[in-house]
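Novice: Once you've had a glance at the structure underneath, I'll fire off some questions.
The values are calculated or read from the model by the stated rules, or taken from the named source; none is laboratory data. Fair warning: this is a prediction, and the values are worked out from it, not measured in the lab. Neighbour counts run over all protein chains shown; Cβ positions are idealised from the backbone, glycine included.
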Amino acid sequence: MSVDNPIKAAGSGTPLSLWQASSALAQVATVQADELLPPGARLVVVAPHPDDEVLGCGGLLSTFSGREQALLLVSVTDGEGSHPGSLAWPGERLRVQRPLESRAALAALGLDVDRVAWQRLHLADSGVAAHEAQLAHALVRCLRPGDRVLSTWRLDGHCDHEAVGRASAQAAQTVG
């Protein structure tokens with residue numbers, strides 16, 4: 001299995017070592033925040049689970065300190081499925097805790113979290129693929145023409161990440 005030619009492991013995602021060894025990613029050009037987001041545009045980060053926005057693009061998000069009004073964060077699930085069978089972290093507890101952890105992480109990155117727009121869609125963790133069309137429709141309602149949309153990779157190896165990547169791409173294409 002490689003990031004450049006993935007063979008999916010059901011639900012496990014892509015190991016960090018493969019991301020780090022990717023020749024395709026090593027060739028991606030560096031883009032400054034101002035190049036990515038021209039004046040008047042919004043950066044929309046669509047995260048399958050609370051924390052994916054920080055794990056996926058925390059460095060970029062940190063550059064938006066003072067420009068929080070240009071951000072829209074979308075959490076597709078509440079992350080309640082991250083610890084299946086755990087007595088210490090049942091789904092109901094995770095549903096509350098994981099978004100709080102994301103807020104704390106964004107604040108640690110220097111963002112004023114009270115000024116960041118955040119949409120929570122509350123789809124079932126590990127069940128996004130079954131509601132992919134509903135998700136794409138919800139994202140179309142969130143997006144505006146000219147938005148820059150960041151999401152997870154459609155070949156990530158995690159079922160929710162892949163479904164969110166597909167739905168985000170479809171919604172972005174629909175809205176323009």
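Novice: List pairs: first in the range 148-175 and at positive phi, second outside any helix (DSSP H, G or I) and of a type outside the set (S, T, N, Q), Cβ under 7 Å, 6+ apart or cross-chain?
Specialist: G157/P6; G157/K8; G157/A9; G157/G13
Novice: Is it the case, given these coordinates, that E92 is in contact (Cβ under 8 Å) with a residue 24 or more places away in the chain, charged (D, E, K, R) and part of a helix (DSSP H, G or I)?
Specialist: Working: in contact (Cβ under 8 Å) with a residue 24 or more places away in the chain: no; charged (D, E, K, R): yes; part of a helix (DSSP H, G or I): yes.
No.
Novice: Of the residues that sit in the range 75-125 and are hydroxyl-bearing (S, T, Y) and touching a Lys or Arg at 6+ places or on another chain (Cβ under 8 Å), which one is modelled with the highest pLDDT?
Specialist: Our first condition is that a residue be hydroxyl-bearing (S, T, Y); within the range 75-125, this holds for 75, 77, 82, 86, 102.
Cutting the leftovers down to touching a Lys or Arg at 6+ places or on another chain (Cβ under 8 Å) gives us 75, 82.
Numbers: S75: 97, S82: 91.
Per the criteria, the residue is S75.
Novice: Could you check the range 122-149 and list, in sequence order, the residues that are under 17 Å from L43 (Cα atoms) and surrounded by fewer than 17 Cβ atoms within 10 Å (Cβ to Cβ)?
Specialist: V140, R141, R144, P145, G146, R148
Novice: What number of residues in the range 33-53 are within 19 Å of the chain's Cα centre (by Cα) and either in a loop (DSSP other than H, G, I, E, B) or within 22 Å of V128 (Cβ to Cβ) (or both)?
Specialist: 14
Novice: Out of (1) crowded, with 22+ Cβ neighbours inside 10 Å; (2) more than 18 Å from C159 (Cβ to Cβ); (3) out of contact with any Ser or Thr (no Cβ under 7 Å at 6 or more places or on another chain), what's the single condition that is false for E101?
Specialist: (1)
Novice: Something else now. It is to be established whether one or more residues within the range 74-88 are in a helix (DSSP H, G or I) and free of Cβ contacts under 8 Å to residues at least 40 places away in the same chain. Give the derivation first.
Specialist: We begin by selecting, within the range 74-88, every residue in a helix (DSSP H, G or I); these are none.
No, the range 74-88 contains no residue that is in a helix (DSSP H, G or I) and free of Cβ contacts under 8 Å to residues at least 40 places away in the same chain.
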